[in-house]
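First up is the structure itself, then whatever we jot down about it.
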Amino acid sequence: MSDGLDRIRSSLSRLVDEQVTVLFLIIDNGQKSIMDVKVAKFTADGRVLFESYMDKFPFPFFAIVNQVSMLPSTIAEAIRQWFEFTCR
């Protein structure tokens, strides 16, 4: 995903301009949580730094669901927050 990060951000920016909201849902199993994923970043002097994948996650509106049974209530809450945000 990091190779296409600029393309994703550009696409998201166009969607925002068109007043489209994207909700990215992550179904996380907990054993290999997306919250624990690290990505390598190479510095100018050749050192390798590891940073959280989610720190660079390009989608500003996302939800992490740990149990599939929570999916309906998570989506409902996301929609409620979207209405609250857009009515301001």
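Things worth noting here:
- Pairing each residue of the stretch 17-32 that is under 20 Å from ALA76 (Cα atoms) and free of Cβ contacts under 8 Å to residues at least 60 places away in the same chain with any residue that is of a type outside the set (Asp, Glu) and in a helix (DSSP H, G or I), provided the two are 6+ apart or on different chains, yields C-beta distances under 7 Å for VAL22/LEU12; VAL22/LEU15; LEU23/ALA78; ILE26/ILE34; ILE27/VAL68; ASP28/ILE34.
- Tally of residues being closer than 19 Å to LEU12 by Cβ and surrounded by 11 or more Cβ atoms within 10 Å (Cβ to Cβ) across the stretch 40-59: 6
- Every residue from the stretch 3-43 that is out of contact with any helix residue (DSSP H, G or I) (no Cβ under 8 Å at 6 or more places or on another chain), part of a loop (DSSP other than H, G, I, E, B), more than 30 Å from THR86 (Cα to Cα) and at pLDDT 90 or above: SER33, THR43
- Flag for GLY46 being assigned to a loop (DSSP other than H, G, I, E, B), in contact (Cβ under 8 Å) with a residue 24 or more places away in the chain and on the phi > 0 side of the Ramachandran plot: no
The values are calculated or read from the model by the stated rules, or taken from the named source; none is laboratory data. Since the model is a prediction, treat every value here as computed from it, not as a measurement. Counting neighbours? That spans all protein chains shown, and the Cβs are built from the backbone with ideal geometry, glycine included.
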